[in-house]
Amino acid sequence: MASEEQKALSTFLKDVHSALRNSTSQIGVEKAWKAHSKNTEILKKYAQCMEKLATTYWEHSETISRIDWTAKICYEYFINKTYLHYREQEQNIANKMQLKLNTVESFSEVLKLVDVGSCYNPFKLYNYFDVFAIDLCPANESVLQCDFLDTPIGTRTVIEDNKVKEIGENSYESVTFCFLLEYIPTSQLRITACQKAYDILKPGGLLTVTTPDSKHVGANSKTMKCWRYALALMGFSRIRYQKFQHMHCMAFRKCLLKDVAIRWANIHKEPFMEYALHIPQDFNTNEISKNSAQNQVIHHIIDDFQELPFYNMNE
């Protein structure tokens, strides 16, 4: 049973997300996001609530936390060099496609990790990471101010007065989205976030995504398949998926050859799949025609996924 403080903190965060979605539907995503990113009072309180929830409740109530899972996957992939296995798989598929694989991975000894929506920089505890922690409104000085969706990708990373002005392409071993995508108000912006992650990752780099959900593993299968399909079209290959009591955890490899990932997407495409990253709050079911094909897909998603971004606080 969640405490009253935990419920209050969670409610505030959900209210902020709801207000952002409502604003998006009323004035459009660009104006809504711009206004939200400049609302420093709300953003500061949001950062405080998120840090309190994460450090006081979440990280101590789960068998494995989203932070631990991400760190362990990165250690296994980079330090234990399981990426070599995925390179071999990719090479075999490229051979079948009669394509040449000219690129190989080149990783730093200390892994450059971009923690998007970091809040309080939880990954600083791991000595094998060189953490580039960024957030709209940092909770402490170890996190840089950055609107990831709006910051340009260039030839190098530029920081001025603790603010990120530009992020270098093909520069980082790993990018992590820990409970981030549910914060972003539209599917297209989520696509943008993942595409930018792709652009700044080194070839063979790793994007890790954790997203909350308290339902059983089979309840959301169509939604997770849609996410996998969309990221494959970008050039990502999903190499790990695990469902825990209150979250899904995924790891995606930036393929050395984009066509290999696209091949998977084309082979495994099902009728309900589209190039989108939807969550249930994207849809107002009262405004959707029950006779449309789109509605069938949407209702599958809504049925399969609980109310995000936070699980039922009464459990």
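The values are calculated or read from the model by the stated rules, or taken from the named source; none is laboratory data. Because the structure is predicted, anything quoted here is derived from the model rather than measured. Cβ atoms come from the backbone with ideal geometry, glycine included; neighbour counts cover every protein chain shown.
All of (1) part of a helix (DSSP H, G or I); (2) over 21 Å from the mean Cα position of the chain (by Cα); (3) loosely packed, with under 15 Cβ neighbours inside 10 Å hold for Lys72 with one exception: (2). Would the stretch 252-262 turn up any residue that is surrounded by 21 or more Cβ atoms within 10 Å (Cβ to Cβ), modelled with pLDDT of 95 or more and over 15 Å from Gln91 (Cα atoms)? Scanning the stretch 252-262, I find at least one residue that is surrounded by 21 or more Cβ atoms within 10 Å (Cβ to Cβ), modelled with pLDDT of 95 or more and over 15 Å from Gln91 (Cα atoms), so the answer is yes.
Selection of the stretch 75-97 for residues being under 13 Å from Trp264 (Cβ atoms) and within 23 Å of the chain's Cα centre (by Cα) yields only Tyr86. Residue check: Val131 meets all listed conditions (1) touching a residue at least 40 places away in the same chain (Cβ under 8 Å); (2) in a strand (DSSP E or B); (3) in contact with an Asp or Glu (Cβ under 8 Å, 6 or more places away or on another chain) but one, namely (1). For the stretch 69-106, a tally of residues being at pLDDT 95 or above and either touching a Pro at 6+ places or on another chain (Cβ under 6 Å) or under 30 Å from Asn121 (Cα atoms) (or both) returns 19.
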